[in-house]
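Heads up: the structure comes next, in structure tokens.
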Ligand code: AMP
């Protein structure tokens, strides 16, 4: 299928072509037609599926096709997102996809000054991307008028609820016209999300991704059992051994993220941490350094990582398992994006076994364990025993590269791999 088959207008097709997209992703194929028809939509879509274009393209087309209300320019499409990063990213998407249209776009989010946002709003905006908190600030100061909103989009709605935005969202909804089109995008359809959808959406078209296109299916997932206190050492070993260029590492706490980044730096690996305690400027800078390759390892907490958009991110490491099993799926969704395959590793200590079991229950499958020689935990890891005794395989670098040769991540490792016979490549025991 081509973008032109979806009935998008020439300006949008031109913008899509400029982005270098060849064909619409499954979520785009499913979401664009009903949104163009003016239907409400409830879509299950994770970051990396191309969901942003899935709602932004048809939304822009509807605005361009409709008639703007008379008088000064007022917000006609409102997109709510949970984090500043995601807002900034959607804003970039909107101006990219809408670059050939005569519409005005702005984003408002916290952590940066109000005044430039006030100025942008005063100048008139058609599409506004916002975090709920900052949007309420503008509403209370009277610097934004939402009475003419025609299309409302909630992006990453599940995360907004997780972050406690429900009251803010309700307050914002109260300021919107009841006659409007509403779109809800969420990684999961929890009971809470369905409840929100019941109040928000009218006869929505329900979109769930086809099984084969789920991001996690494109990701090779492996568990490395290791003692908690040796995780950092193992991580340094894996990064150096695989010559990984771009690794996103998840820790549970902000403090843990800072400490790990410092330790990796100490090990000679360029690393930086990104979390909610950092200023917006610092976060943007670090993200830029990571994208440009200046920083090889980005250590992040779950919330800070939401919305980080890096194409073809080859490696994701769970340094700590998440407390909530569903976060595992979000984390792993950072790799294997928009059709690119990736590799997700979890360093799992004995203490994290019950978290691992919860994740595996959610995934409805057991993740393969690979013990790295020299980092054994001493006790057998539950699951490893399920297939009998752990089988130890000596895996030479070429063999390891071959095993993942079809994957972009593997190719990366293969290109940079250590020459045969050089220092300690490490042995791995696989139990699957
Ligand atoms: P999203 O899920 O919206 O965060 O998109 C993930 C990434 O996929 C972004 O970097 C987009 O630029 C990219 N993308 C979106 N649509 C397509 C497409 N049809 N073909 C290739 N890449 C795309």
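The values are calculated or read from the model by the stated rules, or taken from the named source; none is laboratory data. The structure displayed is predicted, hence computed values, not measured ones. Quick reminder, even Gly has a Cβ in these numbers, built from the backbone with ideal geometry, and neighbours come from all protein chains shown.
Quick notes on this one:
Matching residues to (1) within 11 Å of the ligand (Cβ to nearest atom); (2) assigned to a helix (DSSP H, G or I); (3) not assigned by TED's automatic domain parsing to the domain that holds residue 185:
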| site | (1), (2), (3) |
| --- | --- |
| 8 | no, no, no |
| 24 | yes, no, no |
| 34 | no, yes, no |
| 47 | yes, no, no |
| 52 | yes, yes, no |
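- Residue that is modelled with the highest pLDDT [pool: residues in segment 250-285 that are loosely packed, with under 14 Cβ neighbours inside 10 Å and within 23 Å of residue 329 (Cβ to Cβ)]: 253
- Test set (1) within 16 Å of the ligand (Cβ to nearest atom); (2) within 20 Å of residue 153 (Cα to Cα) - residue 39 fails condition number: (1)
- Close Cβ contacts (under 7 Å, 6 or more residues apart or on different chains) running from residues in segment 1-12 that are closer than 11 Å to residue 58 by Cβ to residues that are within 12 Å of the ligand (Cβ to nearest atom) and in a loop (DSSP other than H, G, I, E, B) comprise 6/24.
- Unique match (being touching a strand residue (DSSP E or B) at 6+ places or on another chain (Cβ under 8 Å), in a strand (DSSP E or B) and within 25 Å of residue 160 (Cβ to Cβ)) among 107, 88: 107
- For segment 66-81, the count of residues that are closer than 24 Å to residue 159 by Cα, in a loop (DSSP other than H, G, I, E, B), within 16 Å of the ligand (Cβ to nearest atom) and modelled with pLDDT of 95 or more is nonzero.
- Check on residue 85, assigned by TED's automatic domain parsing to the domain that holds residue 120 and either at pLDDT 95 or above or more than 12 Å from the ligand (Cβ to nearest atom) (or both): no
- Taken over segment 1-25, the criterion of being within 17 Å of residue 48 (Cβ to Cβ) and buried (at least 19 other Cβ atoms within 10 Å of the Cβ) is satisfied by 24, 25.
- Test: residue 159 is surrounded by 15 or more Cβ atoms within 10 Å (Cβ to Cβ) and assigned by TED's automatic domain parsing to the domain that holds residue 335: no
- Condition check for residue 90: within 21 Å of the chain's Cα centre (by Cα), within 12 Å of the ligand (Cβ to nearest atom), crowded, with 24+ Cβ neighbours inside 10 Å and over 30 Å from residue 280 (Cα atoms): no
- Qualifying residue in segment 263-277 (condition: touching a helix residue (DSSP H, G or I) at 6+ places or on another chain (Cβ under 6 Å), assigned to a helix (DSSP H, G or I), without any contact (Cβ under 8 Å) to a residue 40 or more places away in the chain and more than 28 Å from residue 131 (Cα to Cα)): yes
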